[in-house]
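> Quick one: the structure is below, questions incoming.
The values are calculated or read from the model by the stated rules, or taken from the named source; none is laboratory data. Worth saying up front: this structure is predicted, and the values here are computed from it rather than measured. All Cβ positions, even for glycine, are placed from backbone atoms using ideal geometry, and neighbour counts span all protein chains on display.
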């Protein structure tokens, strides 16, 4: 069963078992659908979530709605944990004429993880989100 047109869809982004993570940036893209659009409605870093990667630490989040990017970093130190840790929430609205299957995927060129020395952390893309709008 799909989502109705003009509905709100939420996508939470997670990192799997981070080790010594000091900062991150995520960016998502939407493609597909046979009609209409999924438009970004809001970006949020909910740092009160107990599964947030920097929960109880002093992080500095940044939101770039125009480019669908979210970032957060620690002034010092790093976070590790398992299993998956929450990074951000992207909220989309299906247009009134939206139909078909849309794919929400990581924009790899604008997504990054940084370690305790601000060096690049290797990562792999997990599953994409497919959303059907009827």
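Matching residues to (1) modelled with pLDDT of 95 or more; (2) more than 21 Å from residue 127 (Cβ to Cβ):
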{"site": "17", "(1), (2)": "no, no"}
{"site": "22", "(1), (2)": "yes, yes"}
{"site": "26", "(1), (2)": "yes, no"}
{"site": "64", "(1), (2)": "yes, yes"}
{"site": "73", "(1), (2)": "yes, yes"}
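> I'd like to check something: does the stretch 2-11 contain any residue that is within 17 Å of residue 127 (Cβ to Cβ), in contact (Cβ under 8 Å) with a residue 12 or more places away in the chain and surrounded by 15 or more Cβ atoms within 10 Å (Cβ to Cβ)?
yes
> Would you check if there is a residue in the stretch 69-76 being surrounded by fewer than 20 Cβ atoms within 10 Å (Cβ to Cβ) and touching a helix residue (DSSP H, G or I) at 6+ places or on another chain (Cβ under 9 Å)?
yes
> Next question. Restricting to the stretch 78-104, what's the tally of residues that are under 29 Å from residue 19 (Cβ atoms), buried (at least 17 other Cβ atoms within 10 Å of the Cβ) and touching a residue at least 60 places away in the same chain (Cβ under 8 Å)?
So the count comes out to 7.
> Something else: If residue 91 passes every condition in (1) modelled with pLDDT under 95; (2) closer than 21 Å to residue 132 by Cα but one, which one does it miss?
Residue 91 satisfies all of (1) modelled with pLDDT under 95; (2) closer than 21 Å to residue 132 by Cα except (1).
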